[in-house]
Amino acid sequence: MRLIGQNGEQLGIVELSKALEMAENANMDLVLMSASSNPYVCKIMDYGKYKFDAIKKDKELKKNQKISNLKEIQLSMTIDTHDMEVKAKHGTRFLKDGDKVKVVLRMRGRQQAYTKNAIEVVKSFYSMLSDFGVCDKEPEVSGRNVIMIISPKK
């Protein structure tokens, strides 16, 4: 096996028994770093400290990660322009924060016969948000709802 010392120096190709003896003399562990290479690569190190540092690094990466949420905005077929502008303002705030926006328009009663009008209302709402977001999923009718998903621009 190819052996790497505790300070990162190359110790050359060594037999397993001699490598174990060297690790034991240094009060360290013999850790297999690469089993797929030929010959195997092993390193003399303190495995507990190595594991602790790896967990600490993973926590740091998770802490710096931005989690994207899905926010929902509900519309109706008879929504007024000012009400739509207020909801668009909320949508722009969500998109600026890096969240996706799910636009749901619920149709009630006779409104279900006019799905084209519902799609137009959702598209006009998207035109208010188009500066800040990109349409992930086109307006789609599913049951009594028209659903569209908008993602923030990169």
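For segment 129-141, residues that are within 14 Å of SER151 (Cα to Cα) and among the aliphatic types (A, V, I, L, M) total 2. When we screen MET107, MET77 for residues that are surrounded by 12 or more Cβ atoms within 10 Å (Cβ to Cβ) and in contact (Cβ under 8 Å) with a residue 40 or more places away in the chain, the only hit is MET77.
Kindly indicate whether any position in segment 90-100 is of a type in the set (Phe, Trp, Tyr) and either touching a Gly at 6+ places or on another chain (Cβ under 8 Å) or open to solvent by 70 Å² or more (accessible area, probe 1.4 Å) (or both). Among the residues of segment 90-100, not one is of a type in the set (Phe, Trp, Tyr) and either touching a Gly at 6+ places or on another chain (Cβ under 8 Å) or open to solvent by 70 Å² or more (accessible area, probe 1.4 Å) (or both), which makes the answer no. For segment 20-50, a residue qualifies if it is within 13 Å of ILE4 (Cβ to Cβ), open to solvent by less than 60 Å² (accessible area, probe 1.4 Å) and not in a strand (DSSP E or B), and the qualifying residues are ALA23, ALA26, SER37, PRO39.
The values are calculated or read from the model by the stated rules, or taken from the named source; none is laboratory data. Here the structure is a predicted model, which means the values were calculated and not measured. Note that we place each Cβ from the backbone using ideal geometry, even for glycine, and neighbour counts take in every protein chain shown. The accessibility values were calculated without ligands, DNA or RNA, using every heavy atom of the protein model including side chains. Shrake-Rupley method; radii C 1.70, N 1.55, O 1.52, S 1.80 Å.
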